[in-house]
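Okay, structure first, notes after.
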Amino acid sequence: MEQLNQFMKTAEKWDRKYFSAAKEAITALSPTEEIAERRITKYLSEDRLEKLNLANSFSRALFRRHLLLAASEWEDELYKPGRVVMMATFVDQSWAFPDHEIEFDFKAAKQKVRNAFEGFDYIGAFEPAVYPDEVLTTESGTGSLVSFHAHVIVWSTSVSKLRRHKLKIANRFTPLAGDETLSFPTLHHLKTILEFRKSLRYASKMPTEGYERVELNGQITQSHAMLEDRNYFRLIGFLRHHTVFDAWFAGGEGSQILKSAKTQSIGAA
């Protein structure tokens, strides 16, 4: 347990950063102090962690702990000879919105990834990436680009099998405008149990930083960018309508990990 507590410290830094920025955004952009305080209490406070709201860092921390505990029971199985574990990251143009009008459908997006990984063992989650300097305009106004993406930890019999499958399903996912040279899903080999744990920790984090795409020598690179109050406020406006469980999904053996994490989280809330 002490080892887990130490491992969680990185995630706790993300949680504190998010809570501070989200609280500041609500305070700055709410019409009155009373409304701001009510919103902070309802969506951000530790007193409401039992709601397991997707906008609440305490709820995510609770789920993260039980997710890692549930996954620990499978680590020896996942890393036995003849098995490999990889992180697949999916992006699709249909998952991109301006932050003032986010209409992301978790259910449909999860089904799209499930269809792509039918027959495999995996566990994954969706998270939003905010590009504060990339502006999208609709009839209802202007907002910063929010691109949802899925991090999926998948295990199989070989790296080559997963790379062949990537080529098979790549044409099902359309890169964002400007990223046409990229192919999804991207794959990263998780060679150790520690890398597996870090990937689960990363997939469960709060959105604390934005991104920007920079062209250099004809190549597009991505770096971090600061989010403003408006970005946090609008993102919370979407996330507060969902639970932590809405963002997560699994298949095969991964379903047992997720089921255990859900059950234990609800019981501990």
Residues (over 13 Å from residue 269 (Cα atoms) and out of contact with any Leu (no Cβ under 8 Å at 6 or more places or on another chain)) located in segment 38-62: 38, 39, 40, 41, 42, 43, 44, 45
Subset of segment 241-269 [touching a residue at least 24 places away in the same chain (Cβ under 8 Å), within 26 Å of residue 47 (Cα to Cα), β-branched (Val, Ile, Thr) and in a helix (DSSP H, G or I)]: 244, 266
Count of segment 221-236 residues which are crowded, with 17+ Cβ neighbours inside 10 Å and part of a helix (DSSP H, G or I): 6
Odd one out for residue 160, checked against (1) assigned to a helix (DSSP H, G or I); (2) in contact (Cβ under 8 Å) with a residue 60 or more places away in the chain; (3) among the hydroxyl-bearing types (Ser, Thr, Tyr): (2)
Extreme residue, nearest to residue 195 (Cα to Cα), among residues of segment 143-161 that are among the polar types (S, T, N, Q) and surrounded by 14 or more Cβ atoms within 10 Å (Cβ to Cβ): 156
Residues within segment 172-220 that are surrounded by fewer than 16 Cβ atoms within 10 Å (Cβ to Cβ), among the polar types (S, T, N, Q) and touching a strand residue (DSSP E or B) at 6+ places or on another chain (Cβ under 6 Å), tallied: 2
Residue in segment 217-237 that is over 13 Å from the mean Cα position of the chain (by Cα), on the phi > 0 side of the Ramachandran plot and touching a residue at least 60 places away in the same chain (Cβ under 8 Å) present: no
Number of the condition not met by residue 130 [criteria: (1) hydrophobic (A, V, I, L, M, F, W, C); (2) touching a helix residue (DSSP H, G or I) at 6+ places or on another chain (Cβ under 6 Å); (3) outside any strand (DSSP E or B)]: (3)
Residue ID - nearest to the chain's Cα centre (by Cα), chosen from residues in segment 162-209 that are within 24 Å of residue 14 (Cβ to Cβ) and aromatic (Phe, Trp, Tyr): 202
Exclusive hit being of a type in the set (Asp, Glu) and surrounded by fewer than 19 Cβ atoms within 10 Å (Cβ to Cβ), set 134, 139: 139
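Let's see how each residue does on (1) surrounded by 19 or more Cβ atoms within 10 Å (Cβ to Cβ); (2) farther than 18 Å from residue 238 by Cβ; (3) not hydrophobic (A, V, I, L, M, F, W, C):
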{"position": "29", "(1), (2), (3)": "no, no, no"}
{"position": "39", "(1), (2), (3)": "yes, no, yes"}
{"position": "58", "(1), (2), (3)": "yes, yes, no"}
{"position": "63", "(1), (2), (3)": "yes, yes, no"}
Residues located in segment 74-117, provided they are of a type in the set (Asp, Glu), without any contact (Cβ under 8 Å) to a residue 40 or more places away in the chain and over 24 Å from residue 158 (Cβ atoms): 103, 105
Spans of helices (runs of 4 or more DSSP H) in segment 18-91 with at least 2 residues under 18 Å from the mean Cα position of the chain (by Cα) and not β-branched (Val, Ile, Thr): 57-72
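Any read-out appearing in this document is the output of simple, stated calculations on the displayed coordinates, not a laboratory observation. Keep in mind the model is a prediction, meaning the values are calculated, not measured. Neighbour counts run over all protein chains shown; Cβ positions are idealised from the backbone, glycine included.
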